[in-house]
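The values are calculated or read from the model by the stated rules, or taken from the named source; none is laboratory data. Because the structure is a prediction, the values reported are computed rather than measured. Cβ placement follows ideal geometry from the backbone for every residue including glycine, while neighbour counts extend to all protein chains displayed. Surface areas here come from the heavy atoms of the whole protein model, side chains and all, with no ligands, DNA or RNA. Shrake-Rupley method; radii C 1.70, N 1.55, O 1.52, S 1.80 Å.
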Amino acid sequence: MRPFRAGEAAYERSIAIDASTIGDITITVAVSAERTDELAILDSIYAAAEGYPFFPFRDKSHDLTYEDSVEFFETVVRKNSQYLKATAHLGQDGSDSERVEAVQSAVLAEQLGVEDSLVILDGNEDKADRFGRAITGISGSCPPMATCIQSELYYPTSLLADLCASHLAYQIDHPRHCSEVTPTAPVTKEEFNNLWGPAYNEIVNSSTPVSTEPIEQRRAETVPTRMNCWFKGLMGGGEPVQFESSVRPIVQYARREGYEELATRLSEV
């Protein structure tokens, strides 16, 4: 499992962020994990998906009917609760949903601590601009970050964030639910009221350019090539690129690390 490399920098820890909006409710989830944790996360998703038409690197949360798959979502979230941090916005205040997500993402990253971490955002450069300005409004600086369109198809951590955000968005429709769900998802404007204004205002008013890390991008259009992007620490995106897509090194790595069942599943891709 290679680190994410950007020039001379190498990142062995990432914070993957994704959000889900249902009606007026926006839930943003951050997954903070070492690269060495990602096999365990992937293994837990495969195990929970047994019996469901769901496969990592191919599917994301919206590919399942939630009402028919609640147990899957609950199991994934419960097994990975130590990696998860969430926050909720209950809407009805006129805030722009994309700005809400950016503020929530910045708040979560700040709470987790971004030192030595690569922030992975699901989306394009516009999402990076909003996030970068929001977190600059909070902390005065922007952490290393990268964007990947449909990141949940490339990275187990992003898939976990996607599944958790979708699950919580279905579970929460009243303020009291925010403390009853797992993980808890405190209301951003209440729990982090001192951060909301500076972050939101910076998005609206700042014109400071935001830059992303120069990590090699390869848009992968098959499951094996997406698996290789993940394993090699590359970013999805850009133009489609043909490259070596054998999953054998990934299978061998999983087996060496003691994930025999996961290795078998990966070998069948």
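Check cross-link reach from Lys232 to the lysines: straight Cα distance under 23 Å, and skip same-chain residues fewer than eight apart. Cα-Cα hits under 23 Å: Lys60.
Heavy-atom surface analysis with a 1.4 Å probe gives the range 4-215 a carbon and sulfur content of 41 percent of its accessible area.
What FRET efficiency comes out for His174 versus Asn194 if R0 is 22 angstrom and r is the Cβ-Cβ distance? Round to the nearest 0.05. Spell out each step's value before the answer.
Working: r = 24 Å, r/R0 = 1.11.
So the FRET efficiency works out to roughly 0.35.
Only sites in a loop by DSSP and with at most 13 other Cβ atoms within 10 Å count here; which trypsin sites (Lys or Arg not before Pro) in the range 10-107 make the cut?
Numbers: sites: Arg13, Arg35, Arg58, Lys60, Arg78, Lys79, Lys85, Arg99; in loops: Arg58, Lys60.
Those that pass, being in a loop and sparsely packed, are Arg58.
With K and R counted +1 and D and E -1, the other residues having a Cβ less than 10 Å from that of Arg13 yield a net charge of -4. Each Lys and Arg contributes +1 and each Asp and Glu -1, all at the Cβ; summed about the Cα centre of the chain, the dipole is approximately 580 debye. In the context of the full set of protein chains, the chain has a per residue accessible area of 44 Å² (1.4 Å probe). Normalised size of the chain, defined as Cα radius of gyration per 2.2 N^0.38 Å with N residues, equals 0.97. The length gained by stretching the chain between Ser95 and Glu50 to full extension, at 0.36 nm per residue less their Cα-Cα distance, is 12.3 nm.
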